[in-house]
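Reading through the structure tokens given below for one structure.
No value in this document is a laboratory result; all are computed from the given coordinates. If you're wondering where the values come from, they're calculated on a predicted model, not measured in any experiment. Here the Cβ is made from the backbone with ideal geometry for all residues, glycine too, and neighbour counts use every protein chain on show.
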Amino acid sequence: MDLRGARMLVAGASGEIGAALAVRLHTRGVRIALAGRDREALTRVSAACEQAPTCTFDAWDADSCAKTVDWAAAELGGLDGVVVSVGVAAFGPVGEVEDAVSEHLMAVNALAPMAFLRAAADRVSEGGVLAAVTGIVAEAAPARMADYAAAKAALATWLTAVRREQRRRGVTVLEINLPHMDTGFATRAVAGEVPPLPRGLAVQEGVDAIVEALSTGARLVRPGSGAALEVVR
């Protein structure tokens with residue numbers, strides 16, 4: 001995908017990864033629309049992207065996510081790509097995780113990204129991209145993270161199926177499978193105590209890999225054996 005001049009929605013642009021990605025894409029000549037939960041943070045990111053348009057949404061509300069795609073398409077005069085970087089964690093033994101917390105995790109980590117990309121599936125132009133952040137927990141399924149891992153795994157499986165559907169249209173479906181990142185994300189968990197975690201990967205390293213993947217039509221970003229992240233076409 002040629003990034004220069006591409007029209008792209010970054011959902012989750014008020015978070016650290018989404019914000020850094022939006023700014024990097026802007027410097028590469030992408031026309032950006034920014035969506036997130038924190039209006040003040042969006043304003044700061046917009047200022048760094050030459051006043052890119054902004055919109056807030058509620059990840060609990062699938063209609064809100066879908067309407068944000070409509071908004072972005074109207075603002076940009078169409079869409080060539082959507083990248084969704086939203087998520088929330090919770091920790092603890094499965095017997096201690098309340099059903100309401102499990103529902104929250106599934107809504108934010110799986111159903112919201114699905115709603116964004118479902119709404120964009122027929123809007124994104126041929127040669128465009130649909131992308132979402134999953135996470136290494138989708139494969140590793142760590143203890144004390146059962147519901148969080150299950151939500152990310154659900155999204156990963158959904159992306160695999162959508163990739164097969166979109167192949168005929170020439171639309172890339174990118175799974176961004178990131179390891180633990182240095183964002184403080186785990187400390188903002190909605191429930192439970194944070195377990196011991198490895199040192200987080202720097203945000204800019206993640207952004208580098210995501211931008212490479214978007215520009216080369218890759219299908220997967222994942223932890224690599226010889227490098228921090230591997231881009232798989």
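On C-alpha positions alone, give me the angle between the axis of helix 39-48 and the longest principal axis of the chain, in degrees, nearest 10. Orientation of helix 39-48: about 50 degrees from the principal axis. Look at V221, V23, V10 and count the other Cβ atoms within 10 Å of each Cβ; fewest to most, that gives V23, V221, V10.
In this label model, R4 and A74 are separated by 3.2 nm, measuring between points 7 Å along each Cα→Cβ vector. Considering only G95, G12, G206, the mean-square fluctuation computed in a Gaussian network model of the chain, springs between alpha carbons under 10 angstrom, is largest for G95. Of all the stretches in the chain, which is the longest one without any exposed loop site, taking GluC sites (Glu not before Pro) in a DSSP loop (any state but H, G, I, E, B) with at most 11 other Cβ atoms within 10 Å? Segment 51-192 is the longest. Comparing A112, A140, A153 in a Gaussian network model of the chain where C-alpha atoms under 10 Å apart are linked, the largest mean-square fluctuation is found at A140.
So what is the 222 nm mean residue ellipticity for the chain from helices alone, if each DSSP H run of at least 4 adds -39500 (n - 2.57) and you divide by all residues, rounding to the nearest 500 deg cm²/dmol?
Details: 8 runs with 93 residues, N = 233.
After summing the helix terms and dividing by residue count, I get -12500 deg cm²/dmol.
Its relative contact order, with pairs defined as Cα atoms under 8 Å and 6+ residues apart, puts the chain at 19 percent.
Just add up the charged neighbours of R222: K/R +1, D/E -1, any other residue whose Cβ is under 15 Å from the Cβ of R222. Please report the intermediate quantities before stating the final value.
Numbers: positive: K152, R163, R219, R233; negative: E139, E175, E205, D208, E212, E230.
Counting the neighbours of R222, the net charge comes to -2.
Of the chymotrypsin sites (Phe, Trp or Tyr not before Pro) found in segment 1-99, those in coil by DSSP whose Cβ has at most 15 other Cβ atoms within 10 Å are W60.
Compared with the alpha-carbon gap, the fully stretched path from T43 to A161 is longer by 39.0 nm at 0.36 nm per residue.
By how many degrees, between 0 and 90 and to the nearest 10, does the Cα long axis of helix 203-216 differ from the longest principal axis of the chain? Roughly 50 degrees between the two axes.
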